[in-house]
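Asks: The structure under discussion is supplied below as structure tokens; questions concerning it will follow.
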Amino acid sequence: MTTEKKLPFISILLPAYNEELIIEKSVGIIVDYLESKKDKYLWEILIINDGSKDKTGIFADALAVSHKNVRVIHHTVNLNLGRALQTGFKNANGDIIVVLDIDLSYSEDHIEKLVDTQITTEADIVIASPYMKKGKVTGVPFVRALLSRTVNRFMRFAAQEKFSTFTGMVRAYRAGFIKKLNLKTKDFEINPEILYKAMILRARIVEIPAHLDWTYQNSAGKKRTSSMRILSTFYSGLMAGFIFRPYIFFLGFGFLLLLISIYVIGWIFINIFQIYPTVPLVAGYFDERFSKAVGLVFQQRPHAFFIGGITLMLAIQVLSLGFLSLQSKRYFEEMFHINSSILKATDFGDRK
């Protein structure tokens, strides 16, 4: 007696905001690709129309009518990427959820790479990374690519993890994991937030090389956000990176100030002991002679005492903040882990 092998059921999640220029063509490309893999996967496409002000919602509904595997959920107002993803995670029916950018800046063949990696590694998250070894970036303006690389390298340093891409949206998630992950960010910071909380829970995270290519979206006339939005996203990325290891910045800066203060104070003491033998012996006590030597050095270089004292006080303050942030972070991670365990009752939900 033979048992028919159950095909993996994948949900392709497409957040969309004002995408009327490309939504029909992009979804058509993805549908054709998934149809070519119908012997390998069961699938659905879930479009989250995030309060678009153009005809995105109308076109999305038409696609849902013409393709039985396409569904649409509408936000009446723009709630931003974080809320769109949370809506998608909640309503996806698949065992594996693949998030794609609707402009296909990561081509449709990344679906198979992400899903197959998730299946073979049993990972909770698979990241498509253009910044790791063998990854590639094409057609992205130099300044934008530079800012993106900078933010991701900063996050890698802050997180002290091996991953190269923290801000990327294109990923595959095990549905049992992502549906039960408590998320609160409403904008682009949701992507590093997911990784941060997944790391706390010791989730299995795998990164694969990917090709970030703007050729298709540029040819379709799709324009990216303004320079102000790019800078805002860059700033948000830096702030998101800060949550990974906030204490290392306080401790690093604090130790730098401490080294400066030690150098200045050390230099002061060297000068004191150099001048000490020349101070007349007024009394037979060391402290009086030493205090006179200190006074003479102070008269010669009062700025050294000021700099040494100020940097020492600042070093103590900043180091104290570092140790407090370390303690607070550990409390947060422990409470998040405990609460997640209570809510899930099993390890990240039933594995499928």
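The values are calculated or read from the model by the stated rules, or taken from the named source; none is laboratory data. Treat the numbers as computed from the prediction; the structure is a model and nothing was measured. All Cβ positions, even for glycine, are placed from backbone atoms using ideal geometry, and neighbour counts span all protein chains on display.
Asks: Which number in (1) at pLDDT below 95; (2) out of contact with any Ser or Thr (no Cβ under 8 Å at 6 or more places or on another chain); (3) not aliphatic (A, V, I, L, M) marks the one condition that TYR33 misses?
Replies: (1)
Asks: Checking ASP39 against (1) more than 20 Å from SER219 (Cα to Cα); (2) crowded, with 19+ Cβ neighbours inside 10 Å, only one condition comes out false. Which one?
Replies: Condition not satisfied by ASP39: (2).
Asks: Something else about it: Scanning the stretch 48-95 for residues that are hydrophobic (A, V, I, L, M, F, W, C) and free of Cβ contacts under 8 Å to residues at least 40 places away in the same chain, which turns out farthest from ALA16 (Cα to Cα)?
Replies: Per the stated criteria, the residue is VAL65.
Asks: Here are the criteria: (1) part of a loop (DSSP other than H, G, I, E, B); (2) at pLDDT 95 or above; (3) under 25 Å from VAL70 (Cα atoms). Tell me which single one LEU114 does not satisfy.
Replies: The one condition LEU114 does not meet is (1).
Asks: Among the helices (runs of 4 or more DSSP H) lying completely within the stretch 163-278, list those that include at least 1 residues that are buried (at least 19 other Cβ atoms within 10 Å of the Cβ), modelled with pLDDT under 85 and not β-branched (Val, Ile, Thr).
Replies: 215-219, 227-242, 246-275
Asks: Based on this model, can you work out whether ALA158 counts as part of a helix (DSSP H, G or I), among the small types (Gly, Ala, Ser) and buried (at least 17 other Cβ atoms within 10 Å of the Cβ)?
Replies: yes
Let's see how each residue does on (1) among the acidic types (Asp, Glu); (2) modelled with pLDDT of 80 or more; (3) outside any helix (DSSP H, G or I); (4) surrounded by 14 or more Cβ atoms within 10 Å (Cβ to Cβ):
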site	(1), (2), (3), (4)
VAL297	no, yes, no, yes
VAL318	no, yes, no, yes
LYS329	no, no, no, yes
PHE348	no, no, yes, yes
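Asks: Show me the helices (runs of 4 or more DSSP H) found entirely inside the stretch 1-103 where at least 1 residues are farther than 29 Å from SER129 by Cβ and out of contact with any helix residue (DSSP H, G or I) (no Cβ under 8 Å at 6 or more places or on another chain).
Replies: 56-66
Asks: Given the criteria part of a helix (DSSP H, G or I), in the same structural domain as PRO209 (by TED's automatic domain parsing) and under 20 Å from ILE10 (Cα atoms), does VAL151 qualify?
Replies: Spelling it out, it is not the case that VAL151 is part of a helix (DSSP H, G or I), in the same structural domain as PRO209 (by TED's automatic domain parsing) and under 20 Å from ILE10 (Cα atoms).
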